[in-house]
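Step one of this worksheet: look at the structure below.
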Amino acid sequence: MSKAFTRETEPDNDHGEETVGSPSPLPAGSKNYITPGGHKRLMDEFLWLMNRERPHVTATVSWAASNGDRSENADYIYGKKRLREIDRRIRFLTKRLDTAEVVDPAAPREDETRIFFGATVTFANQESEEKTVSIVGVDEIDTSRGYISWISPLARALIKAREGDVVTLHAPGGTEELEILEVKYRTIPLEPFGEKGQARVDRGNPGS
């Protein structure tokens, strides 16, 4: 069966995938579809910032402020900067979590051959090169694992198509036809949130 789906939005690379970087914006008024693992990761980060990181940095700033001239106090200046970063991130996470619509990719579907959010799709291009991608939320993108957001041009070209369909993707290099070989719904593993690698303020010792 051949069925063409065209998309006018220009993608960021040859397959219309996102690159990992700043958080992706959501279309105005849209729901924030996310997998259970992605939702847990955002919630874990939110709780860590609220219950551990922010109180820690606040204590550091208070301790640094008590040491004298704030204009030349590196601990105070850096701590205040870090607090602003934390508060921006907390506001961002609050908005994301408030609009979250959790969808389990492993939940049973009426038609498991049709592509929707949470699908893992294997397709082939016109050179018969195969690739597998999983359609996830905007905060779950991981191009190294083939995780693309549901608002990406590639995902939009795939969504609602079925196994055996041929979809048309408008890429920067031109129009590309992709044949859908397989559609699966299964758990999509994500790296959990961890403190390691997070920006921390360990300079100074409040209470010393």
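Odds and ends about this structure:
- Additional length obtainable on full extension of the chain from Arg114 to Ser30, 0.36 nm per residue less Cα span: 28.1 nm
- Projecting label points 7 angstrom from Cα along Cα→Cβ for Ala65 and Asp44 puts them 3.3 nm apart.
- Protein accessible area in the stretch 25-145, 1.4 Å probe - carbon and sulfur %: 50
The values are calculated or read from the model by the stated rules, or taken from the named source; none is laboratory data. Quick caveat, the model's predicted, so the values are computed rather than measured. Every residue, glycine as well, gets a Cβ built from its backbone with ideal geometry; the counts of neighbours run over all protein chains shown. Note: accessible area is taken over every heavy atom of the protein model, side chains too, but ligands, DNA and RNA are not part of it. Shrake-Rupley method; radii C 1.70, N 1.55, O 1.52, S 1.80 Å.
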